[in-house]
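Step one of this worksheet: look at the structure below.
The values are calculated or read from the model by the stated rules, or taken from the named source; none is laboratory data. In this text the structure is predicted, and so the values were computed from the model without any measurement. Using ideal geometry, Cβ is built from the backbone for each residue, glycine included, and neighbour counts are taken over all protein chains shown. Surface accessibility is based on the protein's heavy atoms, side chains included, excluding ligands, DNA and RNA. Shrake-Rupley method; radii C 1.70, N 1.55, O 1.52, S 1.80 Å.
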Amino acid sequence: MSSVPTTSAEIREAYLKFFEEKGCQRWPSSSLIPDDPSLLLTVAGMVQFKPYFLQQKHLDDRYIGATTAQKCVRTNDIDIIGTDGRHLSFFEMLGNFSFGKYFKKEMCAWAYEFSTEVLKLEKDRIHVTVFTDDDEAAEIWEKVGVAPDHITRLGEDDNFWVAGPTGPCGPCSEMYYDQGPEVGCGRPDCAPGCACDRFLEYWNLVFTQFDRQEDGSMVPLAHGNIDTGMGLERVAGIMQGVVSNFDTDILRGLVGVGERLSGKTYGTDEKVDLSLRIMADHSRAITFMVGDGILPSNEGRGYILRRLLRRAVRHGRLIGIEGPFLKEFLDAIVEEMGPVYPEIVENKALIEKVLESEEERFSRTIDMGEKFLDDALEGLKEGDTLDGVTAFTLHDTYGFPFELTAEICAERGINVDKDGFDEEMTAQRERARAARNDEAWKGFGDIYTHILDTHGATEFVGYGKDDCDARIIDLIVDGKIVDEANEGDEVTVILDKTPFYGEMGGQVGDTGTIFNQYGTIEVKNTTKPEADLAAHTGVITAGTIRKDDNVHAEIDKRRRALIARNHTATHILQAALVKVLGDHVKQAGSLVAPDRLRFDFTHFEPMTHEQILEVERICNNVIMSDAPVLTYETSLTAAREAGVTALFGEKYGEFVRVVETGSFSKELCGGTHVGHTSEIGLFKIVQETSIAANTRRIEAVTSLEAYKYMSTYEEELRETARFLKIPPLDVCERVVKMQKQLDEYERVAKRNKKIAAEGSFADYIKAAVDANGYKLVIVNMGEGGSVQSMREGWDIVKQRAQGKPFALVVFAISADKGTPIMLAAGNDAAVAAGFNANDVIKQVAPLIGGGGGGKPTMAQAGGKNAEGIDAAIAKAKEILGA
Ligand code: SER
């Protein structure tokens, strides 16, 4: 490392090291999916520390605070991204955090020290802002060496920081770097806070003193805290002597990828530059979002991802890149940032597949969508508004996120009716809701939180034991805690300890009995309404059960054994899928029940029959190898280092449980498993289907269910063989042969029918009479004619007359199963001679009590009165002049 950090990697390391030396603990970046329902994405370094600010969690005492390089995504400024050099959707925030141990005085001094002594910024170029009435901060800055005329006071908009609607927040002080009067607006009064580029905010120091409540009120925290965030890309810009983030090392490399793909040069055309910048920025956001487990969807963070991805794809096309290209960006990002963020290396195969499939999906509709939008925009002029229904169709049919439509429209100065679009979306959601007809979950509110707070966690003894003595902590009937319950009551029971596994991680809950000398509860299910609390639900089948009773709890061992077989089989299946299909396979959901298992995973096309057989073969080999299944606890870091499969996008605590199946699979899992793989007996895949874009589902059975499944199929085969009087293994060959024969018979039968029809129509033609200048055939087909046979007959007759100069007319009548039908038809020559099928039918149909019509060349009618057939023929003859 050179003495002054210049590259992004050097700056990142210098920052973390500086604060480590001050006594902070270095923490890894947290996931972009925050543990925080008030936020969709991680927007700042402080997000993972919220519980520490609120004193719900405490840092290791040996440290005075924490320091991180945090990946962040912010999309509130998405429209600006690319139009200037400062705004990014994805950025790295270098942060340090104190929870009461150091505050303003220390922080300002360190920030100045880092800026002037590590980064060696010129003192005269450093400016700071403080919150309007924060005299203390202003004084501290002066003391550390900032000239008074380099200190600006700003109001709440600039100098009060909040992460979201609620949570830790406080007044802040920002550090700015003066990029020089030649950059920016040039106004003499230009100062920090001006919208231009001259003063670049590079570090925000928040003095976190409040916890903002839902009603907006500010509850003071126990002591002053520190939350600071320095934009790595901005500092890289300063250190590399460039004004725009897009000229810094990492981002310039990505702009270069766009240049290479499009053959365009950055800096020659403002429109091209915009697209190059958007692609460089968005490609990082989408890479890291997918790397943290976000998949494109139409909701929440999945929608933000889709929006960014499609925006990047469109800009690629705007500058002439053909075909999928995001992979090229992914390669560059992984190479550059993978050493710091291993998750993008680990998940590269999956990220690549997701980008590829989403890009392909969008490419299929983007041209049609743009054409559709072009048509809709035709006739609209600047200032006009595009209707909401069109925007909705673009979204629904062509996959254009609303914002993309709005952006394209804005390029032409046209607005989009957002309210109208929202109305359409709401209507669609209503329709979907009505169609789903979900049974609403009837929860018990926060009764379980209360129980957990009062009595603590349920101790789970079920890994080693099937039964244990326990005490009833609480009894719940109809959502209320009661002191006792009697025979027939549906109850939920909370025990101090339990052998019952509560439904979790796809594994269904245990059943069994809880009893003592006074009463018995038949447990029908066990759930985990809170992470550490097991709730046993069932019915009292005898006697009375009271709160505080001592009881014996015993699970249904046989059922549990079946569940364990399926659970271990699910692990083996996952490892086999990775082997056969590739590293992009990640678990997307699972169900482990006594009679079956279901495994959902990321994969982008149907599995072939051979792949399914191969996976099945591998699984059964592992089962037959009788490999031991071991479980142990370890630290998350050790597990990751050992390459243990974790649930994609899932967050784990510091200690985790690892389940190892021989040397074949290692997974983090809290479930119950067999001791040796041979206990699973047999593994059989029943079905492989798609459940969502990018997600496949395998349903499988093991042990006795697999035996039953195979027996049913075998019996079916034997039955068929008995019927055919051949050995079972000849059935397929025989059926193929029979089908071929059948096809041949059908072909012959069809041909014979045609010949017969042609024969009889040939007879009819022979019987044609001359009338009104055309040859006329009047046929009574009797019972059994159908509209179709009449039409076919006419086709034959017409073909025969083809090329001959005479005009030809057919009038056919029949009683189709007692219902009279008739057809009149003539060739073009007949129509030229004055024949009109429609007129004929209109006049004759009433005689059979019906109606109909058609064209001059052909018309037909059906009626109710078969007795009128003779009269109808007579009428037809009269009209047609026979
Ligand atoms: N949380 C503050 C910010 O994001 C400082 O880290 O600006």
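Pull up the DSSP beta bridges for segment 48-165 and report the antiparallel fraction as a percent, rounded to 5. Of all bridge pairs located within segment 48-165, approximately 60 percent are antiparallel. For Gly519, nonlocal amide neighbours, meaning residues 5 or more places apart or on other chains whose placed amide H falls under 5 Å from its own, are Thr544. Accessible surface computed residue by residue for the chain, with neighbouring protein chains in place and a 1.4 Å probe, gives 47 Å² per residue. Checking the Cα-Cα distances for Lys817/Lys875; Lys22/Lys105; Lys50/Lys71 against a 19 Å cut-off, the pairs over it are Lys817/Lys875. In order along segment 566-580, the Karplus-derived 3J(HN,Hα) couplings, from 6.51 cos²θ - 1.76 cosθ + 1.60 at θ = phi - 60°, round to 5, 5, 4, 4, 5, 5, 5, 4, 4, 5, 5, 5, 4, 4, 7 Hz, and Gly and Pro are given as x.
Counting 0.36 nm for each residue step from Ala871 to Tyr463 and taking away their Cα separation leaves a gain of 137.8 nm. Helix-derived [θ] at 222 nm for the chain: sum -39500 (n - 2.57) over DSSP H runs of at least 4, divide by residue count, nearest 500? Rounded to the nearest 500, it is -12500 deg cm²/dmol. Ignoring lysines fewer than eight residues from Lys465 along the same chain, the ones with Cα atoms less than 26 angstrom from its Cα are Lys497, Lys524, Lys528, Lys547, Lys557, Lys666. Residues Asp36, Asp197, Asp510, Asp595, sorted by accessible area with the largest first, give Asp595, Asp197, Asp36, Asp510 [1.4 Å probe; ligands and nucleic acids excluded]. Leaving ligands, DNA and RNA out of it, work out the accessible area of Ile821 with a 1.4 Å probe and give it in Å² to the nearest 10. Spelled out: Ile821, probe radius 1.4 Å, area about 20 Å².
Here are some pairs, Lys708/Lys740; Lys579/Lys651; Lys775/Lys804; Lys57/Lys101; which of them have Cα atoms lying more than 22 Å apart in this structure? Over 22 Å Cα-Cα: Lys708/Lys740; Lys579/Lys651.
Quick check: from the Cα gyration tensor, does the chain come out rounded (a/c under 1.5), prolate or oblate? In terms of gyration-tensor shape, oblate.
Highest mean first, the peptides 350-356, 403-409, 138-144 sorted by other C-beta atoms within 10 Å per residue fall in the order 350-356, 403-409, 138-144.
Derived scalar couplings between HN and Hα for segment 230-237 equal 10, x, 4, 5, 5, 5, 4, x Hz in order, rounded to whole Hz, by the Karplus curve 6.51 cos²θ - 1.76 cosθ + 1.60 (θ = phi - 60°), x for Gly and Pro. What would the Debye formula give as log10 I(q)/I(0) at q = 0.10, 0.17, 0.24 Å⁻¹ for the alpha-carbon point model of segment 186-292, no solvent? Each listed q corresponds, in turn, to -0.49, -0.97, -1.23. Modelled label positions at Arg747 and Asp133, each set 7 Å beyond Cα in the direction of Cβ, lie 9.6 nm from each other. About the centre of its Cα atoms, segment 524-660 shows a dipole size close to 460 debye [charges on the beta carbon of Lys, Arg (+1) and Asp, Glu (-1) only; nearest 20 debye].
Kirkwood Rh over Cα pairs of segment 40-193 into Stokes-Einstein at 10 °C, 1.306 mPa s: D in µm²/s?
Numbers: Rh = 17.4 Å.
Taking Rh from Cα pairs, D becomes 91 µm²/s.
Using a cut-off of 28 Å between alpha-carbon atoms, which lysines can reach Lys737, once sequence neighbours fewer than 8 places away in the same chain are excluded? Of all the lysines, those that pass the test against Lys737 - Cα under 28 Å, at least 8 places apart if same chain - are Lys725, Lys750, Lys753, Lys754.
Rounded to a whole number, what % of the accessible area of the chain do carbon and sulfur atoms account for, probe 1.4 Å? Ligands and nucleic acids excluded, carbon and sulfur give 50 percent. For segment 509-650, just say rounded, prolate or oblate: build the C-alpha gyration tensor, square-root its eigenvalues into a ≥ b ≥ c, call rounded for a/c under 1.5, and beyond that prolate if a/b exceeds b/c, oblate if not. Since a/c reaches 1.5 and a/b is larger than b/c, the shape of segment 509-650 is classed as prolate. In this Cβ point-charge picture (+1 for Lys and Arg, -1 for Asp and Glu), segment 642-720 has a dipole of about 280 debye about its Cα centre.
If a paramagnetic tag sat 7 Å from the Cα of Ala642 along the Cα-Cβ line, which residues of segment 654-682 would have the backbone N under 20 Å from that point? Residues 654-677 fall inside that zone.
Since only Leu200, Thr544, Pro181 are under comparison, the one whose Cα sits farthest along the positive direction of the charge dipole of the chain, derived from C-beta charges on Lys, Arg, Asp and Glu, is Thr544. Between Thr152 and Val128, Thr129, Val130, the built amide H atoms are under 5 Å apart, and every one of these is 5 or more places off in sequence or on another chain. A simple spin-label model places pseudo-atoms 7 Å from Cα toward Cβ; at Glu423 and Ile691 they are separated by 3.8 nm. What's the FRET efficiency of Val4 with Ser297 using the Cβ-Cβ distance as r and R₀ = 45 Å, to the nearest 0.05? Calculated value: 0.50. Each peptide in 544-550, 735-741 gets a packing score, the mean of other Cβ atoms within 10 Å over its residues, and the list from highest to lowest is 544-550, 735-741. Charging the Cβ of each Asp and Glu at -1 and of each Lys and Arg at +1, and nothing else, the dipole of the chain about its Cα centre rounds to 4300 debye.
Across segment 257-269, coupling constants 3J(HN,Hα) worked out from phi with the 6.51/-1.76/1.60 Karplus curve, θ = phi - 60°, read 4, x, 4, 4, 5, 9, x, 9, 10, 5, x, 10, 8 Hz, and Gly and Pro carry x. For Trp161, the amide hydrogen comes within under 5 Å of the amide hydrogens of Gly170, Cys172, counting only partners 5 or more places away or on other chains and with H modelled in the peptide plane. Projecting the Cα atoms of His673, Ser625, Thr645 onto the charge dipole of segment 621-685, computed from C-beta unit charges around the Cα centre, puts Thr645 farthest toward the positive end. With the charge dipole of the chain set up from +1 on Lys and Arg Cβ and -1 on Asp and Glu Cβ about the Cα centre, the Cα lying farthest toward the positive end among the listed residues Ala236, Phe421, Thr819 is that of Thr819.
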